[in-house]
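Visitor: Before I ask anything, here is the structure I am working with.
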Amino acid sequence: EAQVTQNPRYLITVTGKKLTVTCSQNMNHEYMSWYRQDPGLGLRQIYYSMNVEVTDKGDVPEGYKVSRKEKRNFPLILESPSPNQTSLYFCASRPTRQGRGTDTQYFGPGTRLTVL
Amino acid sequence: SQQGEEDPQALSIQEGENATMNCSYKTSINNLQWYRQNSGRGLVHLILIRSNEREKHSGRLRVTLDTSKKSSSLLITASRAADTASYFCATFYNQGGKLIFGQGTELSVKP
């Protein structure tokens, strides 16, 4: 089944304790991205990757790191989490086309992170 | 900053009625997409309309795009209780890298 998976789905942690949220897709998509969703602020893009070894900042990259060593995986790393990073996180992927393309994104189920 | 803004923020209707949601954006676009999100779950792509299209249909969905006004609308006809969800518009810019979402419209369809 074509899908984007995220792990863990729920995580409660404490300030400063490094954590990684994994994201994997089995559709051979070139583009992957991370978003956070907060009440009243909608979805905001954290980082995206147009292809392996290529990553770019979205609108809210501060406090996050990503890596794209292989096509299927795009982990989100919080080196020193803080309470303001408590949020619902989504990973997404899409095939990349030259020009306009389809641009349809496929989303993972979400990871609910609480930083105490 | 958010590219898209949607209104209304919340909409409550009866089953069988039509629901219309609007989205405005700020910069030129290649296409505009609509997504649906059931409470706390991942987003599901509904429909994409390209900048050279004015209207597009998919089942009970009708999307319009007015590039001169930088706005789009999503119409759900003959709504059902199962349509209860949040609906977001989204646009790509920066050569297809950045995707900006609107704040969403929370639709409640009462049986």
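Throughout, read-outs are computed from the coordinates displayed, never taken from laboratory work. Predicted model, so just to flag it, every value in this text is computed and none were measured. Positions of Cβ are generated from backbone atoms using ideal geometry, with glycine treated the same way; all protein chains shown enter the neighbour counts.
Visitor: Out of all DSSP beta bridges in chain A, what portion is antiparallel? Express it as a percent rounded to 5.
Guide: In chain A, DSSP labels about 90 percent of beta bridges as antiparallel.
Visitor: Then there is this: With the cut-off at 1.5 for a/c, could you classify chain A from its C-alpha gyration tensor as rounded, prolate or oblate?
Guide: prolate
Visitor: Counting other C-beta atoms within 10 Å, and keeping those with at most 16, which DSSP coil trypsin sites (Lys or Arg not before Pro) do you find in region B:1-55?
Guide: Here the sparse-neighbourhood loop sites are B:Lys26, B:Arg41, B:Arg54.
Visitor: Take chain A, connect every pair of alpha-carbon atoms lying under 10 Å apart with a spring to form a Gaussian network, then pick out the residue of A:Gly16, A:Gly42, A:Gly63 with the largest mean-square fluctuation.
Guide: Result: A:Gly42 has the largest fluctuation of those listed.
Visitor: Name the residue, out of A:Pro75, A:Pro83, A:Pro61, whose mean-square fluctuation peaks in a Gaussian network model built on chain A with Cα pairs under 10 Å.
Guide: A:Pro83
Visitor: Considering the Cα positions of region B:5-110, please state its Rg to one decimal place and its Dmax as a whole number of Å.
Guide: When restricted to the Cα atoms of region B:5-110, Rg and Dmax are 13.1, 41 Å.
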